[in-house]
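Written below as structure tokens is the structure these notes are about.
The values are calculated or read from the model by the stated rules, or taken from the named source; none is laboratory data. A quick note: this is a predicted structure, and the numbers were derived from the prediction, not measured. Methodologically, a virtual Cβ is constructed for each residue, glycine included, from the backbone with ideal geometry; neighbour enumeration extends over all protein chains shown.
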Amino acid sequence: MNAHAEPSSAADGSRPTTPDPTTPDPTNPALSIDDITVGYGGVPAVRGLSASVRAGEILALLGPNGAGKTTTLLAAIGALGLMSGTVSALGDPIDRRIERNARRGVTLVPDTRGVFHRLSVSDNLRLAKRRNGTDLDTVYQYFPKLKTMRGRRCGNLSGGEQQMLALAKALLASPKVLLIDELSLGLSPVAVQDLLPRLRSIADEHQMAVVLVEQHIDLALGIADSAIVLHHGRVALSAPARELRNHRDKVEAAYFGRTVEDLAS
Ligand SMILES: Nc1ncnc2c1ncn2[C@@H]1O[C@H](COP(=O)(O)OP(=O)(O)OP(=O)(O)O)[C@@H](O)[C@H]1O
Ligand SMILES: [Mg+2]
């Protein structure tokens, strides 16, 4: 992907480099969601949500069906207007200009996968290629299976292979903030076990901030740095992922909008 900017070398007399405004600042969140309320037709679906993700971090966004996970991702890319609150990415507010937000490096992998079924794997990838983005060979290194299948029509790929392709397509744009809606929809835990660790290494290697909506709770907590459980559009639980790995009871209670103490009483 993009090479990291060389550190400024003004001290040795050379010209200082101008920082790339879209390069994530490690001291600030790459994505910052502050107290947003967002919904449809004036009816809130998500209320008072705050979250932040730094470069290289993965936030798992969990919760039952209808909790507001997709709505949150759509708000984060600017596809939905906010009723209140703010979203900013890479130091700038996210507005409704979704193409501009995407060009700045804020990319959504939708739960519909977004692959063209009639086209081949390589044509799908070539369509997603950006001028200054990651090259195809790098993406094939992450997903060697796609290389062996590059001539196959996507409609003939398995669900897991299509998800790999969806992720590969997103990576071609060299995203800095990657939002993933149910990457593993319809996949077996084995296929998810294969995909999620790759996502962890990609996030580490390219210092990408990731928000991962995922139904496989244990697998998501296994690779995430932090987690939020939404329930009926509100944050029921927000904690470091390592704290929740051994406290599934807290996560399960939050799926019901409760705390463990509530459930015990
Ligand atoms: N286009 C829409 N118009 C009206 N209401 C909507 C629309 N999309 C979603 N909703 C409602 O907003 C709420 C949150 O939906 P959302 O899709 O964000 O949930 P989710 O957590 O992604 O659920 P799932 O796990 O089923 O994908 C739900 O009550 C849903 O019915
Ligand atoms: Mg959803």
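Residue 107 versus (1) out of contact with any His (no Cβ under 7 Å at 6 or more places or on another chain); (2) within 16 Å of ligand 2 (Cβ to nearest atom); (3) of a type outside the set (D, E, K, R): which is the lone unmet condition?
(2)
Quick check on region 81-92: of everything there that is modelled with pLDDT under 95 and touching a strand residue (DSSP E or B) at 6+ places or on another chain (Cβ under 8 Å), which residue is nearest to ligand 2 (Cβ to nearest atom)? Spell out the reasoning first.
Keep residues of region 81-92 that are modelled with pLDDT under 95, which gives 81, 90-92.
In the following step, the residues that additionally are touching a strand residue (DSSP E or B) at 6+ places or on another chain (Cβ under 8 Å) were identified as 81, 90.
Details: 81: 19, 90: 25 Å.
Top of the filtered list is 81.
If you take the residues of region 71-80 that are within 17 Å of residue 53 (Cα to Cα) and of a type in the set (Val, Ile, Thr), which of them is nearest to ligand 2 (Cβ to nearest atom)?
That would be 72.
Considering only residues of region 37-72 that are surrounded by fewer than 24 Cβ atoms within 10 Å (Cβ to Cβ) and of a type in the set (Val, Ile, Thr), which is farthest from ligand 1 (Cβ to nearest atom)?
My answer is 37.
Please go through region 102-131 and give me each residue that is of a type in the set (Asp, Glu), within 16 Å of ligand 1 (Cβ to nearest atom) and modelled with pLDDT of 90 or more, ordered by number.
Within region 102-131, none qualify.
Does residue 210 satisfy the condition of being within 16 Å of ligand 2 (Cβ to nearest atom) and either under 30 Å from residue 43 (Cβ atoms) or assigned to a strand (DSSP E or B) (or both)?
no
Does residue 184 count as in contact with a Phe, Trp or Tyr (Cβ under 9 Å, 6 or more places away or on another chain), among the hydroxyl-bearing types (Ser, Thr, Tyr) and either surrounded by 22 or more Cβ atoms within 10 Å (Cβ to Cβ) or in the same structural domain as residue 68 (by TED's automatic domain parsing) (or both)? Reasoning before the result, please.
Values: in contact with a Phe, Trp or Tyr (Cβ under 9 Å, 6 or more places away or on another chain): no; among the hydroxyl-bearing types (Ser, Thr, Tyr): yes; either surrounded by 22 or more Cβ atoms within 10 Å (Cβ to Cβ) or in the same structural domain as residue 68 (by TED's automatic domain parsing) (or both): yes.
So residue 184 fails the test.
Which is within 16 Å of ligand 2 (Cβ to nearest atom), modelled with pLDDT under 95 and not assigned by TED's automatic domain parsing to the domain that holds residue 138, of 65, 2, 28? Before you say what the answer is, go through the steps one by one.
Values: 2 fails: within 16 Å of ligand 2 (Cβ to nearest atom); 28 fails: within 16 Å of ligand 2 (Cβ to nearest atom).
The match here is 65.
Looking at (1) assigned to a loop (DSSP other than H, G, I, E, B); (2) more than 19 Å from residue 178 (Cα to Cα); (3) in contact (Cβ under 8 Å) with a residue 12 or more places away in the chain, can you tell me which one residue 79 breaks?
Condition (2) is where residue 79 drops out.
Surrounded by 14 or more Cβ atoms within 10 Å (Cβ to Cβ), more than 25 Å from residue 45 (Cβ to Cβ), away from ligand 2 (no atom under 16 Å from the Cβ) and not assigned by TED's automatic domain parsing to the domain that holds residue 221: does that describe residue 150?
Details: surrounded by 14 or more Cβ atoms within 10 Å (Cβ to Cβ): yes; more than 25 Å from residue 45 (Cβ to Cβ): yes; away from ligand 2 (no atom under 16 Å from the Cβ): yes; not assigned by TED's automatic domain parsing to the domain that holds residue 221: yes.
In short, yes.
If residue 187 satisfies every condition in (1) modelled with pLDDT under 95; (2) in a helix (DSSP H, G or I) but one, which is the exception?
(2)
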